[in-house]
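A short worksheet on the structure shown next.
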Amino acid sequence: MKTITITILLIILAITSVLSQDISGDWNGEAKRGDKSITFVFNIKQENATYSTTMDVPTFRISGIKPSATAFTDGTLIIDGSNVGMSYIGIFNNEAKQFEGTYKEGGIEMALNLKKGAIEIADQKRPQEPVKPYPYYEEEVRFKNTEAKVELAGTLTLPNKNGKFPVVILISGSGPQDRDESFMGHKPFLVLSDYLTKQGIGVLRFDDRGNGESTGDFGNATTEDFSKDVMSAIAYLKTRNDVDKKNIGLIGHSEGGIIAPLVANNSKDIAFIVLLASTGISGAELSVMQSKTLRQFPVKDEASYEKNTRKAIAIVTSNKSDLEIEKELTTHYNAFIRPILTSLNVPEEKINLFIESQLKTSLQPWSRYFLQYNPADQIEKLQIPVLSLNGSKDSQVNAQINQEGIRKALIKGGNKDYKIVELENLNHFFQVCETGKMDEYRKIEQTFSPTALKEISNWILKRI
């Protein structure tokens, strides 16, 4: 009886220790993805009985990601980042003084233990990144999309504090992005804005809604919603006396390149646009292409795989109710994907996770809008100068196919001032590369090809 009493007392003390623990502050940990290590830092804050979290991924130099909800109950930490496509669930180990759990993002699942404390990561060599003090004026700014009740935070750089200057708005690619479009240890929008500002062109770049210092829900937003955030940026620039309102332009990268035409056709204030690694074909066709070129597993019958991929897209874009679509898509994925992965000896739990992730992604408002959106329809309407740049080794957006779509749309619409250039040996992020594959991005020291930077600035300067 005495032994049982002592055991119960120890359990009570352990639980009390966990429940009384202040989990506010930084928690860091390292997850393994194959032979790669990825470091995560979660900054948890508590206000009364409510928790909030900001996530950084120092390995990729990504910071300021804001999961939608955080809960800590009975020693279990749940970070719900469904708004940005991630989640973490960890149970506190009182002996090891750490949370032990699982990080999920898309179809990826990794073991991740978190210990309290900050962590420093040695900077990778990124020679193009500017170092303060900058030889130009920089200002932190905020503006609102009142319709969506979103406040966007960003940085405006101008050649000088005094004067009136042309300004371009940078529009980031898909996924939650900060104002520098940070990825794989690079900050391309920081490098691009620095270069353009030094050439006499002002730049406004901002955190996507729900990311960095911007408010809002990224996870439920569509390409059209993001275009309205850019419209708000235009409205903000028009309130400033140091902006040449007749020379406001847009530079969109990847998805930003299909947002830019949508914005330009809904605004009378855009003088020109630059499309970087943009698509010129429908979201459905791009998705079919990427499902084959970016797929992580082999298939025996490519024709059958494409047919089933198109069937999945048809289900997602149908006019049926959400419940009907989910039910039909679940049945289709189980009949289509499960046998392929089973034949590759993928464990059933991993298959279930993959299908669950595919379902979640496919049913998001962004996916359903994107699959039905064809940027060529908007590009055709453009009557302002257009520059389109794509890298010849882009593995995400095929240069030839997409630039042909862009060219045909501009010709059909009768645009008299456009330039389309395929830049040799550049990847999706305009780095000089060997293969163009995604796993190469982080290994390259260069952030943005000087050839591409010069092409952009020279073209803009001739039109302002």
For Asp417: the one exception among (1) in contact with a Pro (Cβ under 8 Å, 6 or more places away or on another chain); (2) not assigned by TED's automatic domain parsing to the domain that holds Ile248 = (2)
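Please work out if Lys104 is assigned to a strand (DSSP E or B), more than 26 Å from Tyr236 (Cβ to Cβ) and basic (Lys, Arg).
yes
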Given the conditions (1) farther than 23 Å from Leu276 by Cα; (2) in contact with a His (Cβ under 9 Å, 6 or more places away or on another chain); (3) among the polar types (S, T, N, Q), which single one is not true for Thr215?
-> (2)
Within region 25-36, the count of residues that are of a type outside the set (Asp, Glu) and at pLDDT 90 or above comes to 5
Considering only region 306-333, how many residues are loosely packed, with under 13 Cβ neighbours inside 10 Å, of a type in the set (Ser, Thr, Tyr) and part of a helix (DSSP H, G or I)?
-> 1
Some residue of region 170-182 being of a type in the set (A, V, I, L, M), at pLDDT 95 or above and assigned by TED's automatic domain parsing to the domain that holds Asp244 | yes
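Table: residues versus (1) more than 27 Å from Asn247 (Cβ to Cβ); (2) at pLDDT 90 or above.
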{"residue": "Asn334", "(1), (2)": "yes, yes"}
{"residue": "Lys360", "(1), (2)": "yes, no"}
{"residue": "Ser367", "(1), (2)": "yes, yes"}
{"residue": "Gln378", "(1), (2)": "no, yes"}
{"residue": "Asn390", "(1), (2)": "no, yes"}
{"residue": "Asp394", "(1), (2)": "yes, yes"}
{"residue": "Ile411", "(1), (2)": "no, yes"}
{"residue": "Leu423", "(1), (2)": "no, yes"}
Taking helices (runs of 4 or more DSSP H) that do not extend beyond region 219-299, which have at least 1 residues that are out of contact with any helix residue (DSSP H, G or I) (no Cβ under 9 Å at 6 or more places or on another chain) and more than 21 Å from Glu455 (Cβ to Cβ)?
-> 223-237, 283-293
Exception for Asn160 within (1) assigned to a loop (DSSP other than H, G, I, E, B); (2) in contact with a Ser or Thr (Cβ under 8 Å, 6 or more places away or on another chain) falls at (2)
Kindly establish whether Asn220 is closer than 18 Å to Trp366 by Cα and among the polar types (S, T, N, Q).
-> yes
Among the residues listed as Glu109, Glu140, Glu151, the single one being within 30 Å of Asn94 (Cα to Cα), of a type in the set (D, E, K, R), in a strand (DSSP E or B) and in contact with a Ser or Thr (Cβ under 7 Å, 6 or more places away or on another chain) | Glu109
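Conditions tested, residue by residue: (1) assigned to a helix (DSSP H, G or I); (2) farther than 30 Å from Tyr103 by Cβ; (3) in contact (Cβ under 8 Å) with a residue 60 or more places away in the chain.
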position: Ser357; (1), (2), (3): yes, no, yes
position: Trp366; (1), (2), (3): yes, no, yes
position: Asp377; (1), (2), (3): yes, yes, no
position: Leu389; (1), (2), (3): no, yes, yes
position: Val397; (1), (2), (3): no, no, yes
position: Lys408; (1), (2), (3): yes, yes, yes
Phe92 passes all but one of the listed conditions (1) closer than 30 Å to Pro347 by Cβ; (2) hydrophobic (A, V, I, L, M, F, W, C); (3) part of a loop (DSSP other than H, G, I, E, B); the exception is number (3)
Scanning for something surrounded by 11 or more Cβ atoms within 10 Å (Cβ to Cβ), under 21 Å from the mean Cα position of the chain (by Cα) and farther than 16 Å from Pro339 by Cβ, does region 295-305 turn up at least one residue?
-> no
Looking at region 57-67, is at least one residue among the hydrophobic types (A, V, I, L, M, F, W, C) and at pLDDT 90 or above?
-> no
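Rundown of residues vs (1) surrounded by fewer than 17 Cβ atoms within 10 Å (Cβ to Cβ); (2) more than 30 Å from Asp244 (Cβ to Cβ); (3) small (Gly, Ala, Ser), yes/no style:
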position: Tyr373; (1), (2), (3): no, yes, no
position: Pro385; (1), (2), (3): no, no, no
position: Asn402; (1), (2), (3): no, yes, no
position: Ile420; (1), (2), (3): no, no, no
position: Phe429; (1), (2), (3): no, no, no
position: Thr447; (1), (2), (3): no, no, no
position: Lys454; (1), (2), (3): yes, no, no
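The values are calculated or read from the model by the stated rules, or taken from the named source; none is laboratory data. Nothing here was measured: the structure is a model prediction, and the numbers come from that model. Note: ideal-geometry Cβ built from the backbone for every residue, glycine included; neighbour counts use all protein chains shown.
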